[in-house]
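*Asks:* I am attaching a structure below and will ask some questions about it afterwards.
No lab work stands behind these numbers, since they all come straight from the coordinates. If you're wondering where the values come from, they're calculated on a predicted model, not measured in any experiment.
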Amino acid sequence: MKKALCAILLPLILASAATAQSLVEAAQKEKERRETLKGKPGVVVTNADLSKTKKKPAVAVPAAGAAAEGPAGTQAEGGAAGAAEAKRLEAAHQAEIQKRFDEKKAELEAKAALSKERTELLDLKLKSLQQQFYSFGNMQTKDLIQKQIAETYQTLQTAAAEQARARDELDKFLELGAKDKAAAAGIK
């Protein structure tokens, strides 16, 4: 029993001692770092400074005809590499647009299919309730069945409206996608 207890507690005690030691070292290093920075002024950035900055493109592709410093062979290789990189970036961008478009299309199609299925099931339930209402072998009261028919009919109307909205949303998405897939996918 003592051996098992020692086997469990010993690593815990050693780990806590190692952690405490590393915390002391970290505090000393931080104190030294702050003392080296004591005499240096800090940089203050104001909103006015930020408004003066100009946005630059994240990726700058050099023009193929632009003159560059260096031998002509290096310039041609750089232009070809830049053009190849630009084509690769455009292909990756188009692939991302197509991927997002397909995902959104699948999502909207699934939503439309689910609402159609729900409408069909409610219609089937309504027909079943109407059949129960007009059958002679039914032991339930007609009032209860009429109430269920009314509730089901209202739910069916709501589901049909939702189905129409889902179908319209899908149609508008596909129409916009035929014109501009990037806009339809939500990419600007």
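*Asks:* Compute the relative contact order of segment 81-188 as a whole-number percentage, counting only Cα pairs closer than 8 Å that sit 6 or more residues apart in sequence.
*Replies:* Values: 63 pairs, mean separation 44.2, N = 108.
Over segment 81-188, the number comes to 41 percent.
*Asks:* Lysines near K181 by alpha-carbon distance under 21 Å, same-chain residues fewer than 8 away left out - which ones?
*Replies:* Partners found: K87, K99, K104, K105, K111, K172.
*Asks:* Rounded if a/c is under 1.5, else prolate if a/b beats b/c, else oblate: with a ≥ b ≥ c from the C-alpha gyration tensor eigenvalues square-rooted, which is segment 81-188?
*Replies:* prolate
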